[in-house]
Amino acid sequence: MLLHDARRQARTSSVGELILLDEQDRSLWNREQIQEGLALVERALSSRRFGPYTLQAAIAQFMPKRQPPPRPIGARCGTLRFLLRVEASPVVELNRAAAIAMRDGPEIGLALVDAILARGELTDYHLAHSARADLCRRLGHTSEAIAAYERALKLTTQAPERRFIERRLAELGADFDGPPN
């Protein structure tokens, strides 16, 4: 939790707009919380007795260490694969697909996300459709990206996430009327 909370100030703009990890001002990250969080993760991992929360913390530790270009993605993919064995869930699988897309390219990530969605487990999960939309956008599959963003928008209730998706739709030139009245 410390590692996630350490980035709180950088996650949104002064007007509440979402800021993606790669675009965050790292000078706003709380270095004290990061150091404490990293020490706790190290202690938990060295105990050799850990469960899903320790693995999730191990994944979170890669974020503050990440420098462009992303260096720990391979390790993050491995940790997510291990977490899937310990606590399998479609959301963990989706996170792993996103990490694999960063490491191996959007084509591979899109195939994984499509497989997850085809099983029907995350059909109503907005982040699955947002992930699919982003991968399609990165591949230049504009109409597929628009359709996936529109599906994500229908499922999203948080105003900052809605505005982010609306901006993406506008960037893609979607025939978008804006938020519902």
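Work out from phi, with θ = phi - 60° and the Karplus expression 6.51 cos²θ - 1.76 cosθ + 1.60, the ³J(HN,Hα) of each residue of the stretch 144-149, listed in order in whole Hz, and give x for Gly and Pro.
5, 5, 4, 4, 5, 5
Quick one: which residues, 5 or more positions from ILE19 or on another chain, have an amide H under 5 Å from its amide H? H modelled 1.01 Å from N in the peptide plane, none for Pro or chain starts.
Result for ILE19 returns THR12, SER13.
At 7 Å along Cα-to-Cβ for each site, give me the label-to-label distance between ASP175 and ARG103 in nm.
Placing both labels 7 Å along Cα→Cβ, they lie 4.2 nm apart.
Tell me the per residue accessible area of the stretch 88-179 using a 1.4 Å probe; a whole number in Å² is fine.
Values: 4610 Å² over 92 residues.
On a per-residue basis, 50 Å².
The values are calculated or read from the model by the stated rules, or taken from the named source; none is laboratory data. Quantities reported herein were computed from a predicted structural model and do not represent experimental measurements. All Cβ positions, even for glycine, are placed from backbone atoms using ideal geometry, and neighbour counts span all protein chains on display. Surface accessibility is based on the protein's heavy atoms, side chains included, excluding ligands, DNA and RNA. Shrake-Rupley method; radii C 1.70, N 1.55, O 1.52, S 1.80 Å.
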